[in-house]
1. Filter region 118-141 for residues that are outside any helix (DSSP H, G or I) and either open to solvent by less than 50 Å² (accessible area, probe 1.4 Å) or free of Cβ contacts under 8 Å to residues at least 24 places away in the same chain (or both) and give the result.
2. Taking region 99-125 as the region of interest, how many residues are at pLDDT below 95, small (Gly, Ala, Ser), farther than 30 Å from residue 35 by Cα and under 17 Å from the mean Cα position of the chain (by Cα)?
3. Go through (1) in a loop (DSSP other than H, G, I, E, B); (2) at pLDDT 95 or above; (3) open to solvent by 20 Å² or more (accessible area, probe 1.4 Å) and name the single condition residue 220 misses.
4. Restricting region 197-214 to residues that are surrounded by fewer than 17 Cβ atoms within 10 Å (Cβ to Cβ) and under 16 Å from the mean Cα position of the chain (by Cα), which is nearest to residue 157 (Cα to Cα)?
5. Taking the criterion of being of a type in the set (D, E, K, R) and either open to solvent by 60 Å² or more (accessible area, probe 1.4 Å) or without any contact (Cβ under 8 Å) to a residue 12 or more places away in the chain (or both), would at least one residue in region 163-174 satisfy it?
6. So the check is Cβ under 8 Å with 6+ separation or different chains; which pairs have a first residue in region 41-60 that's among the β-branched types (Val, Ile, Thr) and a second one that's surrounded by fewer than 17 Cβ atoms within 10 Å (Cβ to Cβ)?
7. What number of residues in region 142-186 are small (Gly, Ala, Ser), part of a loop (DSSP other than H, G, I, E, B) and more than 19 Å from residue 123 (Cα to Cα)?
8. Which of (1) modelled with pLDDT under 95; (2) open to solvent by less than 30 Å² (accessible area, probe 1.4 Å) does residue 144 not meet, given it meets every other one?
Amino acid sequence: FEGLKAFCHENGEVVCFRPEENAARMQSSCRRILMPELPTDKFCDAVQKVVQDNIEYVPPYGSNGALYIRPLLFGSGPRIGLQPADEYTFIILVIPVGDYYQGGLSKPVDALVITDYDRAAPQGVGAVKVAGNYAADLLPNMESKKKGFPISLYLDAKTQTMIEEFSTSNFVGINNSKKLYVTPKSNSVLPSITNKSLMQIARDEGYTVEERDVPLEELADFDEVLAVGTAVVVTPVGSVTIVDSETGKEKVYEFGNREIGESTKQLYQRVRAIQNGEVDDRHGWNMKIHND
């Protein structure tokens, strides 16, 4: 499945943000689990059609809302065994959504490092968007929230030393003195289209962008930490706590005095301005919806 958004501009034009990237990611997911690939043109045509048919549900410009679009491909043939289906069905669901947080950016949230569960196996399906990736997080995420942590951070399953990603969002660390944007590169991490966009914006703004292994201890070097994804765009993270499983002792990394950092604001405002048609779409990310 996939997730993307359509936005209304001030002139009434409606656009969808980077659907070709979602098509490519769905194709990657299909290859991994032996489903037929939907060609990019058919994917984008379907997105065009569903937004056209639901154009009145696209929130107006200035509301900070969007039409959330959920493409879904599933096996629908009469088969119960563990093997590829003979028939597949592609559908798209849409729903209008507002800002994930009132005002666009939340106050920084506290994250807990998950040490007693794994989100994805090192050579599993962590890098593709399939339902099982999210199922693995349901229980640990609920347990974290009961402990007062709205968001969970996973380490690599093999060594438990490298940062991978948050429950449903990519990890980004910012070092302001070095103007450095760091995000993990791993075969177990889902490549986020939001993160890919923010990386390009960061480069445009003069940041050095590094996709690489990120040791847990490197949290001490970051001035700002972000969780990024389609639904929320950017969630500032105020702290990351890890609990020693043997002693119960906590180690807490704090960022930006628990205030929203300037780099976080800049990146968020820049990508939202592109989505809303308020600045030049220099990279050609917005696909216009033809309402005729």
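1. Step one: filter region 118-141 for residues outside any helix (DSSP H, G or I), giving 118-130.
Those that are outside any helix (DSSP H, G or I) and either open to solvent by less than 50 Å² (accessible area, probe 1.4 Å) or free of Cβ contacts under 8 Å to residues at least 24 places away in the same chain (or both): 119, 120, 124, 125, 126, 127, 128, 129, 130.
2. Total satisfying the criteria: 2.
3. (1)
4. Restricting to residues being surrounded by fewer than 17 Cβ atoms within 10 Å (Cβ to Cβ) and under 16 Å from the mean Cα position of the chain (by Cα), the top hit is 211.
5. So far as region 163-174 goes, no, none of its residues is of a type in the set (D, E, K, R) and either open to solvent by 60 Å² or more (accessible area, probe 1.4 Å) or without any contact (Cβ under 8 Å) to a residue 12 or more places away in the chain (or both).
6. 55/291; 58/96
7. So the answer is 3.
8. Among (1) modelled with pLDDT under 95; (2) open to solvent by less than 30 Å² (accessible area, probe 1.4 Å), residue 144 violates only (1).
The values are calculated or read from the model by the stated rules, or taken from the named source; none is laboratory data. Bear in mind that the values here come from a model prediction, so they are computed numbers and not experimental data. With ideal geometry, Cβ positions are generated from the backbone for all residues, glycine too; neighbour counts draw on all protein chains shown. Areas reflect the complete protein model, heavy atoms only, side chains present, ligands, DNA and RNA absent. Shrake-Rupley method; radii C 1.70, N 1.55, O 1.52, S 1.80 Å.
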